[in-house]
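S.K.: Have a look at this one before I ask anything.
The values are calculated or read from the model by the stated rules, or taken from the named source; none is laboratory data. Everything numeric in this text was worked out from a predicted model, so none of it was measured. We place every Cβ from the backbone using ideal geometry, glycine too, and count neighbours over all the protein chains shown. With ligands, DNA and RNA removed, areas are computed over all heavy atoms of the protein, side chains included. Shrake-Rupley method; radii C 1.70, N 1.55, O 1.52, S 1.80 Å.
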Amino acid sequence: MRPILMKGHERPLTFLRYNRDGDLLFSCAKDHTPNVWFADNGDRLGTYSGHNGAVWSCDVSRDSTRLITGSADQTAKLWDTAKLWDVQTGRELFTFRFDAPARSVEFAIGDGLAVITTDNFMENVPTAQVKRIAEDPDDQSEESLLVITGIKGRINRAVWGPLNRTIITAGEDATIRIWDTETGQCLKESDKEQGHQKTITSLSKSADWSHFLTGSLDKSAKLWDTRTLTLIKTYVTERPVNAVDISPLLDHILQEEIGGVKGHFGPINALAFNPDGRR
């Protein structure tokens, strides 16, 4: 496989996301400007200019016509990605404004809803907020359909569960929680002994939503059952885990470690595992 080098960002990357078809790659960085690339050759298709702070995460709609981004500038933005085929700068459709940095963003199944998390900042507590995503940007509202509170520490990831009935959160307090999207009630929490012992840095769902993977600064990645929050397996590493992902095609997971191997700085290792733990 020939590696493809994509040059465009001026500061460190914070998040990557493929679209459903796998032909576009969206990248976020601390340089305020998300980029989109052709996945097959690494050519840059366009940029999204409008944020005034680091962009922490993004998600793309199922049909690749909408992008949502969360930023340290205390906003989340909706973008028109379809226009990139005609011009090189994505059109901003709407801005959700908050009183704290927006950390994690994700579209629900059907793209009619999005969950956005905000950090604990100044006097503000961390939240996970559900927003309706209107088909017509003129009908878009900043109103939150649901606001989840009661979590101590920053929420690093919030993702939708099966059929949009639940939201799964994880972050600084090392606890995974499953929330009811109708009532906002916490349905389950990860076991304190079996669960992570330090900050959870990342969370990735399987293609069928049946299980998900978490990575932590406690030098482990853990595989969980989505419905019951039962721990399936723990993958122990030599260094803190910065990012994890589950292959949609193969029985593999991927985890990125933070460490100090000579000649490398920052995140360095990507390790592939089979579900039975063999590398």
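S.K.: Using 0.36 nm times the number of residues separating residue 227 and residue 123, minus their current alpha carbon distance, what extension gain do you get?
M.R.: Here the segment from residue 227 to residue 123 would lengthen by 34.1 nm.
S.K.: Could you tell me which residue out of 121, 148, 3 lies farthest along the dipole of the stretch 1-149 toward its positive end? Charges go on the beta carbon: Lys and Arg +1, Asp and Glu -1, centred on the Cα centre.
M.R.: Positive-end residue among those listed: 3.
S.K.: Once you have the Cα-Cα distance between residue 49 and residue 144, take 0.36 nm times their residue separation minus that, and quote the gain in nm to one decimal. Before the final figure, lay out the partial values.
M.R.: Working: separation 95, 0.36 × 95 = 34.20 nm, distance 2.49 nm.
Residue separation times 0.36 nm, minus the Cα-Cα distance, leaves 31.7 nm.
S.K.: By what distance, in whole Å, do the Cα atoms of the chain stretch along each of the three principal axes, largest value first?
M.R.: 49, 49, 36
S.K.: Also: In terms of modelled amide H atoms, which long-range or inter-chain residues lie less than 5 Å from the amide H of residue 81?
M.R.: 66, 67
S.K.: Whole-Hz ³J(HN,Hα) for each residue in the stretch 144-159, computed from phi via Karplus 6.51 cos²θ - 1.76 cosθ + 1.60 with θ = phi - 60°, x for glycine and proline: what do you get?
M.R.: Each residue's phi maps through the Karplus curve to give 8, 6, 8, 10, 9, 10, x, 9, 8, x, 4, 8, 7, 9, 9, 10 Hz.
S.K.: Any of 131/219; 30/219; 77/192; 77/152; 30/198; 7/198 with alpha carbons more than 31 Å apart? Name them for me. The partial results should precede the final answer.
M.R.: Numbers: 131/219 34 Å; 30/219 25 Å; 77/192 35 Å; 77/152 25 Å; 30/198 24 Å; 7/198 34 Å.
With Cα atoms farther than 31 Å apart: 131/219; 77/192; 7/198.
S.K.: Extending each Cα 7 Å along its Cβ direction at residue 210 and residue 198, get the distance between those two points in nm, one decimal.
M.R.: 3.3
S.K.: Tell me, what is a quarter of the convex hull surface for the C-alpha atoms of the stretch 1-149, in nm² with one decimal?
M.R.: Numbers: hull surface 36.5 nm².
Its Cα hull, projected and averaged over all orientations, spans 9.1 nm².
S.K.: Still on this structure, I have one more. Find the centroid of the Cα atoms in the stretch 77-125 and in the stretch 224-242, then give the distance between the two in whole Å.
M.R.: Their Cα centres are 28 Å away from one another.
S.K.: Now a separate question. When the dipole is taken about the Cα centre of the chain, and only Lys, Arg (+1) and Asp, Glu (-1) are charged at their Cβ, what size is it in debye, to the nearest 20? Present the calculation step by step, with values, prior to reporting the outcome.
M.R.: Values: 33 positive and 39 negative charges, 188 e Å.
That gives a dipole near 900 debye.
S.K.: Search the structure for amide H atoms under 5 Å from the amide H of residue 106, placed 1.01 Å from N in the peptide plane, and list their residues when 5 or more places away or on another chain.
M.R.: The answer is 115.
S.K.: Among 72-82, 42-52, 187-197, how do they line up by average Cβ neighbours within 10 Å per residue, starting with the highest? Kindly include the intermediate steps, with their values, before the conclusion.
M.R.: Details: 72-82: 21.1, 42-52: 16.4, 187-197: 14.8.
Ranked from most to least packed, the peptides come out as 72-82, 42-52, 187-197.
S.K.: Share of the stretch 14-106's accessible area from carbon and sulfur, percent, 1.4 Å? Write down the numbers at each step before the final one.
M.R.: Numbers: 1560 of 3780 Å².
Carbon and sulfur together cover 41 percent of it.
S.K.: A further question follows. How far, in nm, would the chain grow between residue 188 and residue 40 when pulled straight, counting 0.36 nm per residue and subtracting the alpha carbon separation?
M.R.: Numbers: separation 148, 0.36 × 148 = 53.28 nm, distance 4.09 nm.
Once the chain is fully extended between residue 188 and residue 40, it gains 49.2 nm.
S.K.: Suppose a student asked you for the relative contact order of the stretch 161-253, using Cα pairs under 8 Å spaced at least 6 residues apart; what percent would you report? Before the final figure, lay out each step's value.
M.R.: On the way: 208 pairs, mean separation 19.5, N = 93.
Reported relative contact order: 21 percent.
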